[in-house]
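The values are calculated or read from the model by the stated rules, or taken from the named source; none is laboratory data. The structure presented is a predicted model; accordingly, all values stated were derived computationally and were not measured. Glycine also receives a Cβ, built like all others from the backbone with ideal geometry; neighbour counts cover every protein chain displayed.
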Protein chains: 2
Amino acid sequence: MNPTSSKHLKEKWISTEPIFQGKVINVQVDTVELPDGSQGKREIVKHPGAVAVLAVHEGKLLLVDQYRQAMGRCELEIPAGKLEKGEDPMEAARRELQEETGFRCGSIRLLHSFYTSPGFADEIIHLYAAEDLTAGEVSPDEDEFLEIYQVTLEEAQQYIAEGRIADAKTLLAVYMWQFGAAGGAREC
Amino acid sequence: MNPTSSKHLKEKWISTEPIFQGKVINVQVDTVELPDGSQGKREIVKHPGAVAVLAVHEGKLLLVDQYRQAMGRCELEIPAGKLEKGEDPMEAARRELQEETGFRCGSIRLLHSFYTSPGFADEIIHLYAAEDLTAGEVSPDEDEFLEIYQVTLEEAQQYIAEGRIADAKTLLAVYMWQFGAAGGAREC
């Protein structure tokens, strides 16, 4: 089965109603023509995109603990953050790693770019593997309060089981580390 | 390093400003007290939660091709859908699998529950592995236009490389299938 063309599934954009212009997200409702000719509404969150970093130092994964108001609790995640306007994703990944953990990396490479919630959001996360890490000073954003952890694979798996690691990008990063799918990242 | 308590990172909720009540999402801006005593704003998308299904039939992964207005194109994803009000996630997973692919499953089990975008959304996806599959009739929602694909692991990897598979839940499902992390799912 070769999905060479999906043209018959396409929705045709008709109009956009702006709903909200925020600091992080914008929200809009699009009216579209569905493949059967009828009209539908699509609620869409526009997001600037983000980067996340799988970074392993001396056999331990770098995680940051932070409060997530949307979840109503703290969560352990790999270092990550929004893209600034016009910023190159790879530079953003280096920047977020340094700001949140203090570590600088000698090399960095893209593992995957993926959409987090294609049903309602255009957020895309560029996931990088950072290697050749050197410790330094953290410099988080002014409204960011973080704590850094360095955990073994077994600890990371335990945190997944306990729900302390509970987001898609971090789960994916731990699987990529566990199964060597991040290439040399596990050997750092 | 044992993150036993993250209380010092907690943000204290002060108030909520409702912004938008949609069919799929609600949007609000919360005012919070940050750990340093200052105030901050958090833009939050409220979502009912969703289910997704890793289903392998005769060695091939079930995928659905559908147009995603937020992405502006079609994408291949594992079967998935929103939770209906008060619905049990496992029943929802069985329902979505049947509605979108026609397949019914003899057994189903939870692999992971994860947040897609903890920085701005409370959406949680419950990812299940469905086994003992039996083909049947599809019955998609009235505004859903889908095409079903059954792909080998190699094809799935090719679609990831091409960006035709490009969302977090499907990427995670393919890794779990590839590395046997879904238990017996690969042998179905």
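Given the residues A:Glu99, A:Glu91, which is the only one that is outside any strand (DSSP E or B), of a type in the set (D, E, K, R) and touching a residue at least 12 places away in the same chain (Cβ under 8 Å)?
A:Glu99
Being over 18 Å from A:Val138 (Cβ atoms), touching a residue at least 12 places away in the same chain (Cβ under 8 Å) and under 15 Å from the mean Cα position of the chain (by Cα) is the filter here; which residues of the stretch A:53-74 pass it?
Residue satisfying the conditions is A:Leu54 alone.
Does A:Thr101 meet the test of being on the phi < 0 side of the Ramachandran plot and facing another protein chain (nearest Cβ under 7 Å)?
no
Tally the residues that are touching a Leu at 6+ places or on another chain (Cβ under 7 Å) and assigned to a loop (DSSP other than H, G, I, E, B), restricting the search to the stretch A:68-88.
2
Would you point out which residue out of A:Tyr128, A:Tyr115 is of a type in the set (Ser, Thr, Tyr) and without any contact (Cβ under 8 Å) to a residue 24 or more places away in the chain?
One residue alone meets the criteria, A:Tyr115.
Taking the options B:Phe145, B:Phe120, name whichever one is surrounded by 15 or more Cβ atoms within 10 Å (Cβ to Cβ), in contact with a helix residue (DSSP H, G or I) (Cβ under 6 Å, 6 or more places away or on another chain) and not assigned by the TED database to the domain that holds B:Val24.
It is B:Phe145.
Does the stretch A:43-59 hold any residues that are at the interface with chain B (Cβ under 8 Å from one of its Cβ atoms) and farther than 26 Å from A:Asp132 by Cβ, and which are they?
A:Glu43, A:Ile44, A:Val45, A:His47
Can we say A:Asp30 is surrounded by fewer than 22 Cβ atoms within 10 Å (Cβ to Cβ), in contact with a Pro (Cβ under 7 Å, 6 or more places away or on another chain) and either within 11 Å of chain B (Cβ to nearest Cβ) or modelled with pLDDT under 95 (or both)?
no
Considering (1) facing chain A (nearest Cβ under 8 Å); (2) at pLDDT 95 or above; (3) in a loop (DSSP other than H, G, I, E, B), say which one B:Ala181 fails and leave the rest.
(2)
Among A:Asp122, A:Asp141, which is touching a residue at least 24 places away in the same chain (Cβ under 8 Å), acidic (Asp, Glu) and closer than 19 Å to B:Leu9 by Cβ?
The unique qualifying residue is A:Asp141.
Could you check how many residues of the stretch B:60-95 are within 13 Å of chain A (Cβ to nearest Cβ) and of a type outside the set (Ser, Thr, Tyr)?
23
In the stretch B:118-135, what count of residues is obtained for those that are more than 9 Å from every other protein chain (Cβ to nearest Cβ) and either assigned to a strand (DSSP E or B) or modelled with pLDDT of 95 or more (or both)?
9
Against the definition (part of a loop (DSSP other than H, G, I, E, B), within 11 Å of chain B (Cβ to nearest Cβ) and surrounded by fewer than 13 Cβ atoms within 10 Å (Cβ to Cβ)), how does A:Lys23 come out, yes or no?
So A:Lys23 passes the test.
Among what's in the stretch B:1-14 and is more than 29 Å from the chain's Cα centre (by Cα) and at pLDDT 80 or above, pick the residue that is nearest to A:Asp143 (Cα to Cα).
B:His8
When the stretch B:36-67 is examined, which residues are found to be more than 30 Å from B:Gly106 (Cα to Cα) and either part of a strand (DSSP E or B) or touching a Phe, Trp or Tyr at 6+ places or on another chain (Cβ under 9 Å) (or both)?
Hits for the stretch B:36-67 are B:Asp36, B:Gln39, B:Gly40, B:Lys41, B:Arg42, B:Glu43, B:Ile44, B:Val45, B:Lys46.
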